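Please read the structure below before turning to the comments.
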Amino acid sequence: MRNFETYKIVSAKSDEVRVIFENLPSGEYALTVFHDENNNGKMDSNFLGIPKEGTGFSNDASALFGPPSWAKAKFTWNGESKPHIIQLKYF
């Protein structure tokens with residue numbers, strides 16, 4: 001298994017943001033999204049580790065204590081164009 005990591009930073013100009021990753025090799029992936037409300041380059045959390053900013057994961061995988069498992073968030077990419085809609089959750 002080969003690890004492949006990439007990221008994009010985009011400005012949200014509306015309630016809906018579209019991000020396109022090009023030239024990804026086929027394989028299993030998982031997406032993590034967060035709303036950097038104060039633009040400090042990191043996801044802020046409170047003293048218990050609960051996010052102060054919106055977060056979301058592929059497959060709308062939920063998590064109680066930390067990020068969801070790989071098994072819950074993963075999907076297979078084979079070069080076909082299929083949108084992944086992620087709803088951000090705010091706590």
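The values are calculated or read from the model by the stated rules, or taken from the named source; none is laboratory data. In this text, all values refer to a predicted model and were calculated from it rather than measured experimentally.
Overview of values
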| quantity | calculated |
| --- | --- |
| Qualifying positions in the stretch 1-44 - over 14 Å from residue 84 (Cα atoms) and of a type in the set (S, T, N, Q) | 3, 6, 11, 14, 23, 26, 38, 39, 40 |
| In the stretch 46-91, residue nearest to residue 35 (Cα to Cα) [restricted to those that are small (Gly, Ala, Ser) and modelled with pLDDT of 90 or more] | 54 |
